[in-house]
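Peer 1: Have a look at the structure that comes next, please.
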Amino acid sequence: AAAQAAAGGTLPAKVFFEVGKSAIPADGLNAIATAADSLKAGTGKVDITGYTDKSGNAAQNAELAKERAKAVREALEKAGIARDRINMRPPVEITGGQNDNEARRVEINIGV
């Protein structure tokens, strides 16, 4: 929570993806950079969870959600966040959200 307060409440953050893609779009890179700056202000852990929309089959969606989360983890690492501070968390429901655009995301949250 200290990291969040220090960064003006930039966490949780969301990185949105295009349909069927795991490449981080430019606005997603900005969200990750802001989250990384917030995390640099503290020493706590961060949780990353990937989601997909309801299109496609369940096995492919699970893999896509995982690949999106890995891409965000790698971007955080490149931004200077140590891997041991990053927890990969599986979602309770892979196809998260009522809106498909909102569902295609990775969430970056203060670690538990």
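Peer 1: Just to check your reading of the model, which residue among R68, R85 is modelled with pLDDT of 90 or more and farther than 16 Å from V19 by Cβ?
Peer 2: On the way: R68 fails: farther than 16 Å from V19 by Cβ.
From the options R68, R85, the qualifying one is R85.
Peer 1: Which members of segment 1-32 meet the condition of being of a type in the set (G, A, S), modelled with pLDDT of 85 or more and surrounded by 15 or more Cβ atoms within 10 Å (Cβ to Cβ)?
Peer 2: If we filter segment 1-32 for residues that are of a type in the set (G, A, S), which is where we start, we get 1-3, 5-9, 13, 20, 22-23, 26, 28, 31.
Still in the list and also modelled with pLDDT of 85 or more: 13, 20, 22-23, 26, 28, 31.
Residues satisfying the conditions are A13, S22, G28, A31.
Peer 1: Any chance segment 33-42 includes a residue that's of a type in the set (S, T, N, Q), in contact with a Ser or Thr (Cβ under 7 Å, 6 or more places away or on another chain) and crowded, with 21+ Cβ neighbours inside 10 Å?
Peer 2: Yes: segment 33-42 contains one or more residues that are of a type in the set (S, T, N, Q), in contact with a Ser or Thr (Cβ under 7 Å, 6 or more places away or on another chain) and crowded, with 21+ Cβ neighbours inside 10 Å.
Peer 1: Restricting to segment 71-82, name every residue that is free of Cβ contacts under 8 Å to residues at least 24 places away in the same chain and either open to solvent by 80 Å² or more (accessible area, probe 1.4 Å) or closer than 21 Å to A23 by Cβ (or both). I'd like the intermediate steps shown before the answer.
Peer 2: To start, the set of residues in segment 71-82 that are free of Cβ contacts under 8 Å to residues at least 24 places away in the same chain comprises 74, 77-78, 82.
Within segment 71-82, E74, E77, K78 qualify.
Peer 1: I need every pair where a residue in segment 31-60 that is closer than 12 Å to I94 by Cα has its Cβ under 6 Å from the Cβ of a residue that is assigned to a strand (DSSP E or B) and open to solvent by 60 Å² or more (accessible area, probe 1.4 Å), sequence separation at least 6 or different chains.
Peer 2: Correct list of pairs: empty, since none qualify.
Rundown of residues vs (1) touching a Phe, Trp or Tyr at 6+ places or on another chain (Cβ under 7 Å); (2) more than 18 Å from L11 (Cβ to Cβ); (3) of a type in the set (F, W, Y), yes/no style:
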{"position": "D37", "(1), (2), (3)": "no, no, no"}
{"position": "K45", "(1), (2), (3)": "no, no, no"}
{"position": "Q60", "(1), (2), (3)": "no, yes, no"}
{"position": "A69", "(1), (2), (3)": "no, no, no"}
{"position": "V72", "(1), (2), (3)": "no, no, no"}
{"position": "R89", "(1), (2), (3)": "no, no, no"}
{"position": "A103", "(1), (2), (3)": "yes, yes, no"}
{"position": "I110", "(1), (2), (3)": "no, no, no"}
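Peer 1: Related question: Could you tell me which of the residues N87, N101 is in a helix (DSSP H, G or I), among the polar types (S, T, N, Q) and surrounded by fewer than 17 Cβ atoms within 10 Å (Cβ to Cβ)? Working first, answer last.
Peer 2: Details: N87 fails: in a helix (DSSP H, G or I).
Residue meeting the stated conditions: N101.
Peer 1: So which residues in segment 44-74 are within 13 Å of the chain's Cα centre (by Cα), charged (D, E, K, R) and assigned to a helix (DSSP H, G or I)?
Peer 2: K66, E67, R68, K70, R73, E74 - these are the residues of segment 44-74 that are within 13 Å of the chain's Cα centre (by Cα), charged (D, E, K, R) and assigned to a helix (DSSP H, G or I).
The values are calculated or read from the model by the stated rules, or taken from the named source; none is laboratory data. Everything numeric here is computed off the predicted structure, so don't read it as measured data. A quick note on method: Cβ atoms are made from the backbone with ideal geometry, for glycine too, and the neighbour counts reach across all protein chains shown. Only protein heavy atoms, including side chains, enter the accessible area calculation; ligands, DNA and RNA are left aside. Shrake-Rupley method; radii C 1.70, N 1.55, O 1.52, S 1.80 Å.
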